[in-house]
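What follows is calculated from the coordinates using simple rules that are stated; it is not laboratory data. Small disclaimer: the values here were computed from a predicted structure and weren't measured. Quick reminder, even Gly has a Cβ in these numbers, built from the backbone with ideal geometry, and neighbours come from all protein chains shown.
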Amino acid sequence: MAMNRKKAILAETQLTSKWLAQKLGKSENTVSRWCSNRAQASIGSFLEIADTLDVDVRELLSPSQL
């Protein structure tokens, strides 16, 4: 089963979607929807997420396995 990379990277770095939402100035609900694949972030948001998590944006686009 494929897992959302944003969610996986947060788990790997022991960070939360609440922390990410605060860093990005977004609502927790928005980030939660991104992490659960119920909504997709814009290209600009993907770049912000990658920068905030200190990862290459391509890492956010490749699926993880559970």
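Within straight-line reach of Lys6, meaning a Cα separation under 13 Å, sit the following aspartates and glutamates at least 8 residues removed in sequence or on another chain: Glu48, Asp51, Asp54, Asp56, Glu59. Consider a paramagnetic label point 7 Å from the Cα of Ser36 along Cα→Cβ; state which residues of the range 2-27 have an amide N under 14 Å from it. Once the point is set 7 Å along Cα→Cβ of Ser36, 4, 7, 17-18 turn out to lie under 14 Å by backbone N, inside the range 2-27. A DSSP coil position with no more than 13 other Cβ atoms inside 10 Å describes the following trypsin sites (Lys or Arg not before Pro) in the range 1-60: Arg38.
Overall dimensions of the chain, expressed as equivalent-ellipsoid semi-axes from the Cα gyration tensor (√(5λ), whole Å, largest first), are 16, 13, 12.
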